[in-house]
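Participant: What follows is a structure written as structure tokens; I'll ask about it next.
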Amino acid sequence: MFVVKVGGGAGIDVDNVLVDLASQREPFVLLHGGSDETNEVATKLGHPPRFVTSVSGYTSRRTDKETLGIFSMIYAGKRNVEIVSRLQQLGVNALGLAGVDGRLLEGTRKETLKVIEEGKRKLIRDDYTGKVEKVNVALLRLLLENGYVPVITAPILSNDGEAVNADVDRCAAAVAVALEAEELLFLSNVPGLLRDLKDPSSVVSSIPKAKIDQYVGFAKDRFQKKIMGAVEALDHGVERVVFSSANIPTPVRAARSGAGTVIS
Amino acid sequence: MFVVKVGGGAGIDVDNVLVDLASQREPFVLLHGGSDETNEVATKLGHPPRFVTSVSGYTSRRTDKETLGIFSMIYAGKRNVEIVSRLQQLGVNALGLAGVDGRLLEGTRKETLKVIEEGKRKLIRDDYTGKVEKVNVALLRLLLENGYVPVITAPILSNDGEAVNADVDRCAAAVAVALEAEELLFLSNVPGLLRDLKDPSSVVSSIPKAKIDQYVGFAKDRFQKKIMGAVEALDHGVERVVFSSANIPTPVRAARSGAGTVIS
Amino acid sequence: MVECTECGATLAMNEDTEVGELITCGDCGADLEVTGMTPPMVQLAPQEEEDWGE
Amino acid sequence: MVECTECGATLAMNEDTEVGELITCGDCGADLEVTGMTPPMVQLAPQEEEDWGE
């Protein structure tokens, strides 16, 4: 069993990943994002995306009620339908689920968020963002045992029954741990963790988990979050976490046989 | 077991239906539309909705590729997430599914569509519309038996693995037949079949299936399609089909005890 | 002018005819799909299993 | 000017302070949330379980 998360950024060849997944024999679960398309549609709808940086320096999407609606349109709607129907076309019996469905992914909504905006420290109260804390693994097993391939995305369900935005990388880590998957693959438009951001050939090929701190420095903001997710997964039983490109030939097979950055 | 379809039109109090559903003891499956919101968002995105009338006089949404994307955003995305999370908040273990998920709803995509547009007869080739022909009832039973309440919407899956728009009323009829449900309820912003469209009190309270032809004349275009769906369901084992308002107190309980127009 | 693909009759096409439009052959009644304007071209329109629409 | 709800010290508020902004009391260091501007009002900001963000 392995878990794949394919990014939602521009320049990610999702179809390339789906075609390779269709040829995999081992059972897998797929998660996907949708950030770039969400930004595009939000801008067209006159509610352009805003990103806030938490006081401890992490950026996240400012998710007020309207943004959450647009977020659901792309993640749980357009993109999930496109990926599921394409996989069905490739002979994979895909079944799309957002975290709210059947309480698949649950977590605590952050009532307040301390952020820095235009140099000012602010407290945001109407943010619909949460951290995934619980995975309904029984639902995943039920579907897998009956021949379905779960294709999962946000939003997730807060403890008081609200849909909230959540970091899909972190959801992928939580799903991998819950399913006791051996491998967790992050496929996106970067070949892996780069020593020098401007040099795509400077990929760090492997990192022993114990030495992760020596490498976290290379990662910029969003990638640091991904590495945090990887460490969390490794700490809870996942054997290998791989960051690799979605755009190379047979990207899944490549990532499972050492391409990109392997943390184990 | 009963099946409820709640409309997507403006002025439909969906929450009123969800609250009443949460108090139902009998198992049920819910389907929902999203037409008005789809029109709104399509217009804002600069791709306003177009409706075409088939040569035999029925109107349907012109669904080119871009429209299909917007359709999925609202039906399978924003609205499905809102309804599922609200039901979860009300203690119902709802699980959202579009027809593409796990091949729940399959049908033939109409390769071509003969329509009348601005007085001209035209042949449309790039329309992503289909008629539901197959229901994956095993998936529905699997979920129901494990305590989940399916919340279903379009798009459905065409035989060659494409997401296509489909009439959710007709999907509701197909689901009711597949599940051998006794009752199929259509809840919307009209109290039932009206003898006089301008007089809300002129509701036809009951219609014996055999006499349906005497009443079809009252129905205007879209409502005629609903009645066709009802007749189809009654012909295949469903005992009662009810058209009633979503906006009256306890609308589900009322519809199950004779409110609106009952066809049986 | 264009020739009906079914019976060979010559059909007049008025100015505002568009590609994708359906025209009926005056002679044999065949339903023809306009597939080109310059030069004008038609082909037999597919027979559609008409039902009550979606 | 506004009074710190924790230690009673008087705090100056500059012009561009906004509702929702966080200010720190110079005396006791408490994190205060600005809840009103006319008149200026503050309350203790909730302690947040800071983590690496979403």
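Participant: Express in % the proportion of alpha carbon pairs of the range A:1-154 at distances exceeding 27 Å.
Facilitator: Everything past 27 Å amounts to 30 percent.
Participant: Label the range C:2-44 by shape, choosing from rounded, prolate and oblate, from the square roots a ≥ b ≥ c of the eigenvalues of the Cα gyration tensor; if a/c is under 1.5 it is rounded, and otherwise prolate applies when a/b is larger than b/c, oblate when it is not.
Facilitator: It comes out prolate by the Cα gyration axes.
Participant: I want to make sure I understand the PRE zone here: with the label point 7 angstrom from the Cα of B:ARG50 toward its beta carbon, which residues in the range B:151-192 have backbone N atoms less than 12 Å away?
Facilitator: None, by backbone N distance to the label point.
Participant: Under a plain spin-label model, where a point goes 7 Å from the Cα along Cα-to-Cβ, how far apart in nm are A:GLU40 and B:SER264?
Facilitator: So the label points at A:GLU40 and B:SER264 sit 5.2 nm apart.
Participant: Right, another one. Please identify which residues in the range B:107-149 have an amide N closer than 18 Å to a label point set 7 Å out from the Cα of C:THR35, following the Cα→Cβ vector.
Facilitator: Residues B:111-114, B:122-127 qualify, since their backbone N sits under 18 Å from the label point.
Participant: Could you work out, residue by residue across B:90-102, how many beta carbons of other chains sit within 10 Å of that residue's beta carbon, and then give the average as an integer?
Facilitator: If you average over the peptide's residues, the count of other-chain Cβ atoms is 6.
Participant: Going by C-beta contacts inside 10 Å, put A:ASP13, D:ASP31 in order with the fewest on the left.
Facilitator: A:ASP13, D:ASP31
Participant: Taking amide H atoms as placed 1.01 Å from N in the peptide plane, list the residues 5 or more away in sequence, or in a different chain, whose amide H sits under 5 Å from that of A:GLU133.
Facilitator: Long-range HN contacts for A:GLU133: A:GLU106, A:GLY107, A:THR108.
Participant: While we're on this one: For a Förster distance of 45 Å, can you work out the FRET efficiency between the beta-carbons of A:SER201 and C:GLU18, rounded to the nearest 0.05?
Facilitator: 0.25
Participant: In addition: Would you mind ranking A:LYS120, A:LYS78, A:LYS211, A:LYS225 by Cβ crowding within 10 Å, fewest neighbours first?
Facilitator: Lowest to highest Cβ neighbour count: A:LYS211, A:LYS120, A:LYS225, A:LYS78.
Participant: When the C-alpha atoms of the range A:130-264 are aligned to their principal axes, what extent does each axis show, in angstrom, from largest down?
Facilitator: Computed over the range A:130-264, the largest-to-smallest principal extents equal 44, 31, 27 Å.
Participant: Looking at the P(r) of the range A:15-68, how many percent of alpha-carbon pairs lie beyond 15 Å?
Facilitator: Every Cα pair in the range A:15-68 considered, those over 15 Å come to 63 percent.
Participant: How big is the Cα convex hull of chain A in projection, averaged over all directions, in nm²?
Facilitator: That works out to 13.6 nm².
Participant: Rank the residues A:VAL55, B:VAL241, B:VAL151 as a footprinting-exposure proxy: fewest other Cβ atoms within 10 Å of their Cβ go first.
Facilitator: Starting with the residue having the fewest Cβ neighbours, the order is A:VAL55, B:VAL151, B:VAL241.
Participant: Here are some pairs, B:LYS78/B:LYS114; A:LYS114/B:LYS44; B:LYS134/B:LYS226; B:LYS114/B:LYS225; B:LYS44/B:LYS220; which of them have Cα atoms lying more than 21 Å apart in this structure?
Facilitator: B:LYS78/B:LYS114; A:LYS114/B:LYS44; B:LYS44/B:LYS220
Participant: Let me ask something else. Take the alpha-carbon positions of the protein assembly as shown, form their convex hull, and give its projected area averaged over all directions (one quarter of the hull surface) in nm².
Facilitator: The orientation-averaged projected area of the Cα hull of the protein assembly as shown comes to 35.8 nm².
Participant: Separate question: Just checking the protein assembly as shown: which Cys have no other cysteine's beta-carbon under 4.7 Å?
Facilitator: So, A:CYS171, B:CYS171.
Participant: Consider a paramagnetic label point 7 Å from the Cα of A:GLN24 along Cα→Cβ; state which residues of the range A:180-218 have an amide N under 11 Å from it.
Facilitator: From the range A:180-218, the list is A:182-187.
Computed from the coordinates by the stated procedures, all read-outs in this text should not be read as laboratory data. These numbers come from a predicted model, not from an experiment. Here Cβ is always computed from backbone atoms with ideal geometry, including for glycine, and neighbour counts include all displayed protein chains.
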